[in-house]
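*Asks:* One structure coming up, written as structure tokens, with questions to follow.
The values are calculated or read from the model by the stated rules, or taken from the named source; none is laboratory data. Just so it is clear, the structure is predicted and the values come from calculations on it, not from any experiment. Glycine gets a Cβ as well: all are built from the backbone with ideal geometry, and neighbour counts include every protein chain shown. The accessibility values were calculated without ligands, DNA or RNA, using every heavy atom of the protein model including side chains. Shrake-Rupley method; radii C 1.70, N 1.55, O 1.52, S 1.80 Å.
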Amino acid sequence: MIRSRWTRAAQIVLALAPLSLGGALAQAAVSSVQPTYAACAKSSDIDGKGTYELFGSNGWIFESYEFSALEGLRGTSVAALTRLAKAFKARGSTLILVPVPTRAVSADKTLDFARYPQLQFSKDHYVASWNTMIAQARATGITVIDLLPTVLDFQVNARGEDFFQSRDHHWSLSGMEAATTQIAAQISALAQAQKLDLERQQGELTIKPAGGSAGSMGSHYMKACDLKIEAMPVYDATYTAESTSLLDDVEPVIGIFGDSFGLSYSSTRVDKNFGVLLEAKTALPVVNNSVSGNGRTATLAGYLADPALVDKLPPFVVVPFMGGISNSDFDYGQMTAALIGCSDANRIAQTKFSTPAAKMVFAPQPQGASKGNSLIHIHTDAPTNYLEVREGTYTDGSPLKFEIYRTSASYFTGSRTDFYSLLADEKSVRSLAVQLEKQGPVSGYVEVCRIPDALR
């Protein structure tokens, strides 16, 4: 049994529709109506790369990148995700992806598209592509939360909030509440199906006013046009539950490894509100390792690069991120390889490099029938966030080269020392050279290990 009675107080930022900041959180409906902001010359190209702003009613501001086309998953990505799902299951953990549709899908509530004829966007195409993507991803065995129906059906509530913030591409407090409600229900269903005995402890969630934020789009607009606009109120919240553990050493049942959607984003602060709300909805202990700006699965891939952390995976791994599910087969391969790992039981070859040099040149002896379905693990004695494999060949003579870059995060000790990659099926390494950023000296070891038959 995993015990989940604990004590925790965590501050979070909750971006709400305009309210008076002088009193407690209002429970009544918000009637504030904001103006429709007007474009200025610079807002037609705010970043010098063709990104322009769109202005809707009641203070809504969009950026054109939010209206990018959405495509489905490639066949190779479906295969890579299927293997990843098996690797998580073999580790006793369930991967839950939470892709968040962009605000474009609900923009018709506020935006007059006739004002922007240059915008090539079809809501019907977006919905159809999204539905195809969700079906493809679910067929791989990975649990996927489909938020699109929730977004489309969402109505402005008593707090005056829509699913998304009006001047920021992130979700509002109410949007996060709706998302965490869906995720909590899915976790409960999975726990029941897996016959997990999870002891839940209800706690108390409190929300207090804590200033205001212009939001990312609002900040862009004010800077470009040299104007002031109305701030969106911001709130702090805490969640507390009683613990029966004298040491407060309860292991997390849910781990969050998302981008900024796993946190709380505003122009002034970043806190872990999504994790606190999910903890409140599930009454289970949560650890939040999300990293803002880290992409769809980059936070999780970075976490799994640490062999010690792979052994501490919680039963449920939740990955919220903006946009559709990635077609990055290479990233999925990194995570799968890290989950499989290397040991005496599956190691094919290893070479150690004790003296730092410009390169670690790895050229194992041919292994005959063991050449196929393998992974590479590279360990550097000094931490680095960038590694490249060059001058490499597979056993069939085809080229082998790649580079891996991950930002450091709080759960790394500075940065990474371990790098993983799946190798092409039915091929293994004939030779490769490992280099670091700016070709600094490197030492450590390189090894090739076999993938278990069950994960092929």
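*Asks:* Could we say that Ser243 is in a helix (DSSP H, G or I) and either closer than 27 Å to Val100 by Cα or modelled with pLDDT under 90 (or both) here?
*Replies:* The answer is no for Ser243.
*Asks:* Considering the range 414-456 alone, what residues qualify as being buried (at least 18 other Cβ atoms within 10 Å of the Cβ), assigned to a loop (DSSP other than H, G, I, E, B) and in contact (Cβ under 8 Å) with a residue 60 or more places away in the chain?
*Replies:* Answer for the range 414-456, where residues must be buried (at least 18 other Cβ atoms within 10 Å of the Cβ), assigned to a loop (DSSP other than H, G, I, E, B) and in contact (Cβ under 8 Å) with a residue 60 or more places away in the chain: Ser428, Ile451.
*Asks:* Hey, does the range 119-129 have a residue that's small (Gly, Ala, Ser), modelled with pLDDT of 90 or more and not in a loop (DSSP other than H, G, I, E, B)?
*Replies:* Yes, some residue in the range 119-129 is small (Gly, Ala, Ser), modelled with pLDDT of 90 or more and not in a loop (DSSP other than H, G, I, E, B).
*Asks:* Looking at the range 109-137, which of its residues are over 22 Å from Ser57 (Cα atoms) and surrounded by 14 or more Cβ atoms within 10 Å (Cβ to Cβ)?
*Replies:* Tyr126, Val127, Ser129, Trp130, Asn131, Thr132, Met133, Ile134, Gln136, Ala137
*Asks:* Right, next: When the residues of the range 272-290 are narrowed to those that are within 12 Å of Glu177 (Cα to Cα) and small (Gly, Ala, Ser), which ends up surrounded by the fewest Cβ atoms within 10 Å (Cβ to Cβ)?
*Replies:* The residue in question is Ala280.
*Asks:* Within the range 130-155, which residues are part of a loop (DSSP other than H, G, I, E, B) and in contact (Cβ under 8 Å) with a residue 12 or more places away in the chain?
*Replies:* Hits for the range 130-155 are Ala139, Thr140, Gly141, Ile142, Ile145, Asp146, Leu147, Phe154.
*Asks:* Which condition from (1) crowded, with 23+ Cβ neighbours inside 10 Å; (2) not in a helix (DSSP H, G or I) is the one that Gly293 breaks?
*Replies:* (1)
*Asks:* Pro383 is checked against (1) modelled with pLDDT under 95; (2) in contact with a strand residue (DSSP E or B) (Cβ under 7 Å, 6 or more places away or on another chain); (3) surrounded by 14 or more Cβ atoms within 10 Å (Cβ to Cβ); (4) closer than 26 Å to Asp311 by Cβ and fails just one. What number does that condition carry?
*Replies:* The single condition Pro383 does not satisfy is (3).
*Asks:* Only one of these is part of a strand (DSSP E or B), open to solvent by 20 Å² or more (accessible area, probe 1.4 Å) and touching a strand residue (DSSP E or B) at 6+ places or on another chain (Cβ under 8 Å): Phe353, Phe330. Name it.
*Replies:* Among Phe353, Phe330, only Phe353 is part of a strand (DSSP E or B), open to solvent by 20 Å² or more (accessible area, probe 1.4 Å) and touching a strand residue (DSSP E or B) at 6+ places or on another chain (Cβ under 8 Å).
*Asks:* Continuing with the same structure: Taking the range 175-187 on its own, how many of its residues are without any contact (Cβ under 8 Å) to a residue 60 or more places away in the chain and surrounded by 21 or more Cβ atoms within 10 Å (Cβ to Cβ)?
*Replies:* 1
*Asks:* Going through the range 308-319 one residue at a time, which ones are in contact with a strand residue (DSSP E or B) (Cβ under 6 Å, 6 or more places away or on another chain) and not in a loop (DSSP other than H, G, I, E, B)?
*Replies:* Correct list: Phe316, Val317, Val318, Val319.
*Asks:* Related question: Take the conditions assigned to a helix (DSSP H, G or I), at pLDDT 95 or above and either open to solvent by 40 Å² or more (accessible area, probe 1.4 Å) or among the β-branched types (Val, Ile, Thr) (or both) and apply them to Leu190. Does it pass?
*Replies:* no
*Asks:* So, one more: For the range 58-82, enumerate the residues that are loosely packed, with under 14 Cβ neighbours inside 10 Å and among the charged types (D, E, K, R).
*Replies:* Across the range 58-82, the qualifying residues are Glu71, Arg74.
*Asks:* Mind listing whichever residues of the range 36-49 are part of a loop (DSSP other than H, G, I, E, B) and of a type outside the set (A, V, I, L, M, F, W, C)?
*Replies:* Matches in the range 36-49: Thr36, Tyr37, Asp45, Asp47, Gly48, Lys49.
*Asks:* Condition first: farther than 30 Å from Lys312 by Cβ, surrounded by fewer than 15 Cβ atoms within 10 Å (Cβ to Cβ) and over 18 Å from the mean Cα position of the chain (by Cα). Can you find one or more residues in the range 138-150 that meet it?
*Replies:* Within the range 138-150, one or more residues are farther than 30 Å from Lys312 by Cβ, surrounded by fewer than 15 Cβ atoms within 10 Å (Cβ to Cβ) and over 18 Å from the mean Cα position of the chain (by Cα).
*Asks:* Applying the selection to the range 203-225, what residues are in contact with a Pro (Cβ under 8 Å, 6 or more places away or on another chain) and part of a loop (DSSP other than H, G, I, E, B)?
*Replies:* Within the range 203-225, none qualify.
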